[in-house]
Amino acid sequence: MVIEMNYKSVEKYMMRNKNDNGGMKKVNHFLFLVIIILVALIYLKTDGNTKNKISNLLSVNNISFAKINKWYKNNLGNILPFKNEEVKEVFEEKIEYSKLEEYKNGVKLTTKDKYLVPNLNDGIIIFIGKKDDLGNTIVIQSSNEVEYWYSNLDNIDHNLYDYVNKGEYLGEVKNKTLYLNFYKKGEALDYKEYLQ
């Protein structure tokens, strides 16, 4: 009798929320993600060798977090069952510069004073910090596994692992000099293909 009543109340709840498929899908995706994370954490806690293998895999291979994020959004939607995304203004402009010089593995651009640097391609920020001879740097990994390095920036308004859209501002150029580098799997790429 108790089981029957619980079943009926669940059935009523499902019928009442039948029209809310989007919300139910998001909740199901969120619960699925939580279960996967819990199983992975329990497994890692019990098996020390697996933890070392995963750590070596992540440090040796270049994992495309942007590609994983794109696949996840396309197939499963947002990670959270509700939308709490900050809306940022995006522009369709190219990087403006008055002078271009090859510099180390990339290019050195002379820009206007206090120039706001737009992102060249969608991706995830995988590094924010100082790089030797380049200054404050943001590295964005796109879904095509190309890393876009923007260096010599001030007033960076992003955090590590933020997803940034094409055209979104990354920071302000310091001393009218912007360094750009492009890498794929650790190899430097020709800037002409990415800077138009």
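Every number here is computed from the coordinates shown, using simple stated rules; none is lab data. It should be emphasised that the depicted structure is a prediction, and the values quoted were computed from it without experimental measurement. Methodologically, a virtual Cβ is constructed for each residue, glycine included, from the backbone with ideal geometry; neighbour enumeration extends over all protein chains shown.
Within segment 103-122, which residues have the backbone N less than 15 Å from the label spot 7 Å out from residue 175 along Cα→beta-carbon, could you tell me? Only 108-111, 113-114 pass the distance filter.
Assuming a ≥ b ≥ c are the square roots of the Cα gyration tensor eigenvalues, decide whether segment 151-196 counts as rounded (a/c under 1.5), prolate (otherwise, with a/b larger than b/c) or oblate.
The shape class here is oblate.
Applying 1/(1 + (r/R0)^6) with R0 = 25 Å to the Cβ-Cβ distance of residue 105 and residue 145 gives a FRET efficiency near 0.90.
Note on residue 114 and residue 74: with the Förster distance fixed at 30 Å, the Cβ-Cβ geometry gives a FRET efficiency of about 0.20. Here segment 155-173 is scanned for amide nitrogen atoms under 12 Å from the site 7 Å beyond the Cα of residue 127 along Cα-to-Cβ, giving none. In this entry, segment 99-193 is assigned a mean projected area of 5.5 nm², taken as a quarter of its C-alpha convex hull surface.
Fewest neighbouring Cβ atoms within 10 Å first, the residues 132, 162 line up as 132, 162.
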